[in-house]
Every structure is written in C-alpha cells, then in structure tokens.
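**Student:** Take this structure first; my questions come after.
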Amino acid sequence: MLTKRIIPCLDIKNGRTVKGINFVDLRDAGDPVELAKIYSDEGADELVFLDISATEERRRTLVDLVRKVASAINIPFTVGGGISAVEDVEVLLQNGADKVSINSSAVKNPQLINDLAQKFGSQCIVVAIDAKQIDGEWIVHLVGGKVPTEIRLFDWAQEVEKRGAGEILFTSMNNDGTKSGFANEALAKLSELVNIPIIASGGAGNIQHFVDTFVEGKSDAALAASVFHFKEIEIKTLKKELKNNNIEVRI
C-alpha cells in the first residue's frame, strides 16, 4: 500500500504567507522560509508554494522566494502561481522546485499540460483545480477562485489526466478555510474516475478530518494550511494518529 502524504501549503501574497476563508479575508500567517523549514523538519512529506495573486496581477511567480524556500528544505517542493509557459517552468525547476502546479493557465490553454508533460515528464506536473459546488454541480473556478467557468470538475479531471498531468490538487472552495472537513464525496468520485494521485485540499480542521479523507475520500495526499500555520495540529502528532488508524504514512 502506498503511503499517504501530508502536505503543508504556503499561500503567498506580497512575499508573506497568508490564509483566508473561502478564498477571501486573508490574514498574515508568517514568513514562508521559516515556515517551510519548520515543516520540513517536522516530517511533512512535501511542501506546496502557491503565489496566489500572480495570475490576477499577470506576473510570474516570485523566483527569489522560491530559491530561498528550496534551500531551506529537503522534501519535494511544488510551486504554482502565474505559470503559463514552458519557460516559466524551466526557471522554477532551475531555482529549486521539484514540481509545478498549473491552474487557470491550463484551463485557458489545455495544450499547456501536454507540452509541459512532454518536456519535463508527468511526474513534474500537478494540475490544481479549484471548484465550487453550485446547485449540486461541481464547477471549476479560475484566478484564485474569482472567475467561474462552465467546466465541470469531473470532466476536467479526466481531461487533464489524458493530457499528461501527474497529479491533481483538488480544492473545494465550499470547504476552504471552514475547518469542517474535506469534500470527501467529490474526492472519492475523483479517485474512481482517474488513475493519478489526488491531493485533497480545503477544509482541514482536526486530525479526524485527515483520517476521513484518506478512508472515505480515498485521497492519496492531504494538503492543509491554517491548522499547521497556527499550530492547531502538529505534523508529528497527526502522523502518529494516522498510524493508529491503520493509515500508512512516513514517520
């Protein structure tokens, strides 16, 4: 059985880590380099860095900050935000990223997924999908959740797999920051429809929520932010509890 992964997420705005509720009301959560080092030392399996305003501000990811974070950690490092071309990915990989996460740019130009997978390998390409449940349908949203599309989550997930994505990072906008648990029903359906790993995001509030997403949601990894940033859950404690629930994790 493959081990399940715990992934802290650094949402970056103006060079600082921030966290909001339902994608709004952002508050400061600390220095990204310091937090990254703490998580790496505490036993996080990977780290995700999302420059959340890069797409909206039409600029590239903060490369200097990526380099500093990469040099502070010794775990796989995924970077996203403002990536829209092969050249963007080359720069990030040269500066310490192990994988990249694309979101809005993949929806606007699906061929980008094919191009990146071909050039760098599928293992390097994470497609992030932000979706909101509206009248029973999961609808994909862009630009940090600000722009709704007409694309349905499950159709898009199957398409990104066909185009060469190595993983899907699914964030439920309904659950994000609410600490009410992950969107396990949607996650379980995703894991049935595609054969690539699914990272659950949005809704972690306690240790049981992580147990539930691995068991009920069939998630391969769980990503969270505020519960780690504000020391509500410690990664070592979380992993011990997961082990106690017969969930395989790297200790």
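**Student:** Can you run down the residue pairs with Cβ atoms below 7 Å, 6 or more apart or on separate chains, where the first is in region 229-251 and in contact (Cβ under 8 Å) with a residue 40 or more places away in the chain and the partner is open to solvent by 60 Å² or more (accessible area, probe 1.4 Å)?
**Tutor:** Correct list of pairs: K239/I251; E248/M1; E248/T3; V249/T3; V249/K243; R250/T3; I251/K243.
**Student:** Mind listing whichever residues of region 214-233 are over 22 Å from L50 (Cα atoms) and surrounded by 19 or more Cβ atoms within 10 Å (Cβ to Cβ)?
**Tutor:** Of everything in region 214-233, those that are over 22 Å from L50 (Cα atoms) and surrounded by 19 or more Cβ atoms within 10 Å (Cβ to Cβ) turn out to be F214, G217.
**Student:** Right, next: Hey, can you tell me all the residues within region 130-159 that are part of a helix (DSSP H, G or I) and hydrophobic (A, V, I, L, M, F, W, C)?
**Tutor:** The answer is L153, F154, W156, A157.
**Student:** Further, regarding this structure: Quick one: in region 34-46, of everything that is touching a helix residue (DSSP H, G or I) at 6+ places or on another chain (Cβ under 6 Å) and buried (at least 19 other Cβ atoms within 10 Å of the Cβ), which residue is modelled with the highest pLDDT?
**Tutor:** Only one residue tops the list, namely A44.
So that you can scan it fast, the table gives a plain yes or no per residue for (1) surrounded by fewer than 20 Cβ atoms within 10 Å (Cβ to Cβ); (2) more than 14 Å from the chain's Cα centre (by Cα); (3) modelled with pLDDT of 95 or more:
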site	(1), (2), (3)
Q158	yes, yes, yes
F182	no, no, yes
K189	yes, yes, yes
I199	no, no, yes
N244	yes, yes, yes
I251	yes, yes, no
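**Student:** Just need a number here: residues in region 57-66 that are within 15 Å of R16 (Cα to Cα) and either open to solvent by 20 Å² or more (accessible area, probe 1.4 Å) or modelled with pLDDT of 95 or more (or both).
**Tutor:** Initially, region 57-66 is screened for residues within 15 Å of R16 (Cα to Cα), giving 61-66.
When the remaining residues are screened for being either open to solvent by 20 Å² or more (accessible area, probe 1.4 Å) or modelled with pLDDT of 95 or more (or both), the result is 62-65.
Result for region 57-66: 4.
**Student:** Can you find a residue that is crowded, with 24+ Cβ neighbours inside 10 Å, out of contact with any Gly (no Cβ under 8 Å at 6 or more places or on another chain) and closer than 23 Å to V100 by Cα anywhere in region 203-212?
**Tutor:** no
**Student:** Scan region 208-251 residue by residue and report those that are more than 12 Å from K179 (Cβ to Cβ), in a helix (DSSP H, G or I) and among the β-branched types (V, I, T).
**Tutor:** Those that are more than 12 Å from K179 (Cβ to Cβ), in a helix (DSSP H, G or I) and among the β-branched types (V, I, T): V211, T213, V215, I235, T237.
**Student:** Here is a follow-up. Filter region 78-129 for residues that are part of a loop (DSSP other than H, G, I, E, B), of a type in the set (A, V, I, L, M, F, W, C) and crowded, with 16+ Cβ neighbours inside 10 Å; which is modelled with the highest pLDDT?
**Tutor:** If we take residues in region 78-129 being part of a loop (DSSP other than H, G, I, E, B), of a type in the set (A, V, I, L, M, F, W, C) and crowded, with 16+ Cβ neighbours inside 10 Å, then A97 is modelled with the highest pLDDT.
**Student:** List, please: which pairs have Cβ atoms under 7 Å, are six or more places apart or on different chains, and start with a residue in region 202-213 that is in contact (Cβ under 8 Å) with a residue 40 or more places away in the chain and end with one that is buried (at least 20 other Cβ atoms within 10 Å of the Cβ) and assigned to a loop (DSSP other than H, G, I, E, B)?
**Tutor:** F210/A204
The values are calculated or read from the model by the stated rules, or taken from the named source; none is laboratory data. All of these numbers come straight from a predicted model, not from anything done at the bench. Quick reminder, even Gly has a Cβ in these numbers, built from the backbone with ideal geometry, and neighbours come from all protein chains shown. Ligands, DNA and RNA are excluded from the accessible area calculation, which covers all protein heavy atoms including side chains. Shrake-Rupley method; radii C 1.70, N 1.55, O 1.52, S 1.80 Å.
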